[in-house]
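The values are calculated or read from the model by the stated rules, or taken from the named source; none is laboratory data. Nothing here was measured: the structure is a model prediction, and the numbers come from that model. Positions of Cβ are generated from backbone atoms using ideal geometry, with glycine treated the same way; all protein chains shown enter the neighbour counts.
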Amino acid sequence: MPNIPAAPTAICFDLDDTLIDDAAASSAGLRALMERIGHPDFGAARTLWDVQTEISFGAYLRGDLSLEEQRRERVRALAVQAGHSGIADQHCDELYRLYLDVHRSAWQVFPDTVPALAALVSAGYRLAVLTNGIEALQHAKMQALELTPYFHTVVCADSAGAGKPDPRIFHLAAQRLGVDPTACWHVGDQIQADGVGAVASRMHPVMIDRHHGRRFDGVTTVHSLDELLRLVGLPAATAGTL
């Protein structure tokens with residue numbers, strides 16, 4: 001593990017798949033879509049959905065597609081893979097609403113999320129959520145899962161005018177926290193958006209690999225938020241953690 005810098009004054013967190021198990025919620029929504037359009041292969045659907053989401057949502061963040069257009073692109077790609085073509089915009093919108101409804105019903109935090117956030121707040125850390133997700137949806141998730149009280153600010157790409165890894169969104173988070181970026185750590189699960197973006201903004205990146213499935217060479221990496229607590233000198237907060 002790389003050398004750890006001095007403990008931060010503030011910590012920024014990515015939201016999806018860092019604090020909230022978005023992969024599980026997304027899979028639930030995807031299975032509902034597959035059932036509706038008769039798609040037989042979850043593995044193929046999951047791979048396509050992830051790739052198309054990266055392409056289409058990236059285009060949305062750059063301003064090349066509207067929110068509705070990027071959603072329709074993703075649904076159409078899945079439908080074509082299932083053998084359907086020429087789906088009208090209205091049908092795409094209906095299918096995406098189905099996806100969102102099931103996705104929303106499956107929202108859940110990771111078991112270590114609330115104990116770790118409570119421990120950090122009690123220790124005096126200022127916390128922010130820094131996410132490329134849509135602001136309205138991300139706030140709804142945080143409120144539904146009772147995460148909002150732990151954070152001083154929530155910074156979302158669609159309202160900040162820039163998305164990760166653009167340093168501007170990191171600098172806005174630091175400004176709202178009232179600290180210099182060098183006094184912040186940023187915790188996330190995506191090496192480009194979270195790791196590269198943090199370095200470019202002069203925050204210290206901490207990558208979280210919850211499933212022990214990836215290597216982030218040369219970057220501080222944890223497998224749980226209890227490990228993050230230990231990095232800042234606090235005891236593990238989740239019962240039973242070794």
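For the range 63-112, taking the residues that are more than 23 Å from the chain's Cα centre (by Cα) and β-branched (Val, Ile, Thr), the one that is surrounded by the most Cβ atoms within 10 Å (Cβ to Cβ) is identified as 87. Quick one: is residue 136 touching a residue at least 60 places away in the same chain (Cβ under 8 Å), assigned by TED's automatic domain parsing to the domain that holds residue 177 and either more than 14 Å from residue 14 (Cα to Cα) or part of a helix (DSSP H, G or I) (or both)? Answer is no for this residue. On the basis of being within 25 Å of residue 130 (Cα to Cα) and touching a His at 6+ places or on another chain (Cβ under 7 Å), does residue 23 make the cut? When the stated conditions are applied, residue 23 does not pass them. The single condition from (1) touching an Asp or Glu at 6+ places or on another chain (Cβ under 8 Å); (2) charged (D, E, K, R); (3) closer than 30 Å to residue 101 by Cβ that residue 141 fails is (1).
The residues in the range 190-205 that are part of a helix (DSSP H, G or I), surrounded by fewer than 24 Cβ atoms within 10 Å (Cβ to Cβ) and touching a residue at least 60 places away in the same chain (Cβ under 8 Å) can be counted, and the count is 1.
The set of residues in the range 104-122 that are over 19 Å from residue 210 (Cβ atoms) and out of contact with any helix residue (DSSP H, G or I) (no Cβ under 9 Å at 6 or more places or on another chain) contains only 122. Any residue at all in the range 168-181 that is within 21 Å of residue 141 (Cα to Cα), assigned to a strand (DSSP E or B), of a type in the set (Gly, Ala, Ser) and at pLDDT 95 or above? No, the conditions are met nowhere in the range 168-181.
Name the residue that is modelled with the highest pLDDT, counting only residues in the range 233-242 that are touching a Leu at 6+ places or on another chain (Cβ under 9 Å) and crowded, with 16+ Cβ neighbours inside 10 Å. Ranking the qualifying residues of the range 233-242, first place goes to 234. When every residue of the range 155-167 is checked against the conditions, none turns out to be outside the structural domain of residue 45 (by TED's automatic domain parsing) and within 26 Å of residue 34 (Cβ to Cβ).
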